[in-house]
Amino acid sequence: MLIGIFSGLVSFIPYLGATISVVIPILLALISDPFTVVWVILAFIIIQQIEGNLLQPIVMSRAVDLHPALVVFAILIMGTLFGLIGVFLAVPLVAALQVLVRELWVQRMDEIGTDPNPPTREPPRRNLPRSLSRIFGRFRKKS
């Protein structure tokens, strides 16, 4: 229980937290049986992959109302461009950018696009081939 609490608290440190949290379980596994170290490392890798690639993007997307793929790409792009600071700032910057676009662009376009007196339009007539227009033209003249 204490190792789990310690791992949860240390995992708030990006990149290094997960690695630090696995040191104590590896040391305990070395004391009991050296082969269990393989199982501890394998479990650590699987848990970190599921958390980092599946759970975190879903939680981030629900917290800031962003699509999970957008969260992942924002973190990748900002991390590549600006390193560790980019990773920290990726999701807040994308969320702020989304709010700005929604407030400044979409709502204004919606307000501009609404016309209080829209023009009435007839449905467009289809251009029929000449043979059919002659046939239908005869029916129109008779009625």
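The values are calculated or read from the model by the stated rules, or taken from the named source; none is laboratory data. These numbers were taken from a predicted model, which means no experiment stands behind them. Here the Cβ positions follow ideal geometry from the backbone for every residue, glycine too, while neighbour counts run over all protein chains shown.
At a glance:
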{"quantity": "Failed item in (1) farther than 30 Å from G86 by Cα; (2) exposed (fewer than 10 other Cβ atoms within 10 Å of the Cβ); (3) not polar (S, T, N, Q), with I5 passing the rest", "calculated": "(1)"}
{"quantity": "From L66, L76, residue being surrounded by fewer than 14 Cβ atoms within 10 Å (Cβ to Cβ) and under 21 Å from the mean Cα position of the chain (by Cα)", "calculated": "L76"}
{"quantity": "Residue list for the stretch 15-32, restricted to those being surrounded by 10 or more Cβ atoms within 10 Å (Cβ to Cβ) and not aliphatic (A, V, I, L, M)", "calculated": "G17, T19, S21, P25"}
{"quantity": "Filter result for the condition that a residue is at pLDDT 80 or above and under 24 Å from S7 (Cα atoms), over Q56, Q49", "calculated": "Q49"}
{"quantity": "I20 vs. criteria under 24 Å from G79 (Cβ atoms), out of contact with any Gly (no Cβ under 9 Å at 6 or more places or on another chain), modelled with pLDDT of 85 or more and of a type outside the set (S, T, N, Q)", "calculated": "yes"}
{"quantity": "Only listed residue being within 20 Å of I85 (Cα to Cα) and either more than 28 Å from the chain's Cα centre (by Cα) or assigned by TED's automatic domain parsing to the domain that holds V87 (or both), chosen from V23, V71", "calculated": "V71"}
{"quantity": "Neighbours by Cβ (under 9 Å, 6+ apart or cross-chain): first from the stretch 79-91, assigned to a helix (DSSP H, G or I); second at pLDDT below 85 and surrounded by fewer than 16 Cβ atoms within 10 Å (Cβ to Cβ)", "calculated": "L84/P14; L84/Y15; V87/P14; V87/Y15; F88/P14; V91/A63"}
